[in-house]
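Below is one structure, written out as structure tokens; comments come after it.
What follows is calculated from the coordinates using simple rules that are stated; it is not laboratory data. Not measured: the values here are computed from a predicted model. Note that we place each Cβ from the backbone using ideal geometry, even for glycine, and neighbour counts take in every protein chain shown.
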Amino acid sequence: MSEKNPWKTLKTKEIYDNPWIKVTHREVLNPSGGEGIYGVVHFKNLAIGILPLDEEYNTWIVGQYRYTLEEYSWEIPEGGGIIGEDPLDSAKRELKEETGLVASNWTKILDMNTSNSVTDEVGLAYVAKDLIQEEAEPEDTEQLIVKKLPFTELFEMLMRGEIKDSLSMVTIFKAKEMIDRGEI
């Protein structure tokens with residue numbers, strides 16, 4: 001198998017565009033040469049997730065109602081990072097906005113594609129340590145509940161299916177492995 005792109009784009013039409021996403025309809029030739037269509041959602045920001053950990057391995061999560069899902073969601077602190085801006089600056093801003101926490105020790109633990117069958121969105125996650133509590137500064141679109149809990153309890157929430165957000169899930173699994181190895 002070749003790593004070369006076997007798809008051929010014949011025609012692209014912009015369907016929708018706003019400050020966060022652009023949706024295009026594409027007419028394509030698929031890898032076997034057959035004609036087909038593809039819808040692509042282009043994200044204009046990075047997905048940035050942060051797992052704050054204190055000295056006792058407590059962490060903070062945020063709960064909020066997610067309009068697209070029509071349900072409440074518990075997640076690690078996360079938000080959009082401006083493409084072209086240092087992702088770490090975005091992570092620091094999001095952590096402060098959502099939890100009021102400021103960290104002096106940051107470790108990037110992953111890069112991921114959030115849903116690569118329909119979108120080009122890239123997600124990054126960090127572990128934030130050496131924390132100081134300040135005042136949270138949520139955006140006016142956010143009604144957040146912030147909860148502090150032991151990381152082990154967060155992992156159990158994930159295993160019980162109470163955490164469903166993909167960036168949160170991958171970050172928690174990766175952090176668990178790193179904690180078990182003594183890497184963070």
Residue check for VAL62: more than 30 Å from VAL146 (Cα to Cα) and part of a strand (DSSP E or B): no
So which residues in the stretch 117-150 are part of a loop (DSSP other than H, G, I, E, B), closer than 17 Å to ASP89 by Cβ and under 18 Å from the mean Cα position of the chain (by Cα), if there are any at all? GLU139
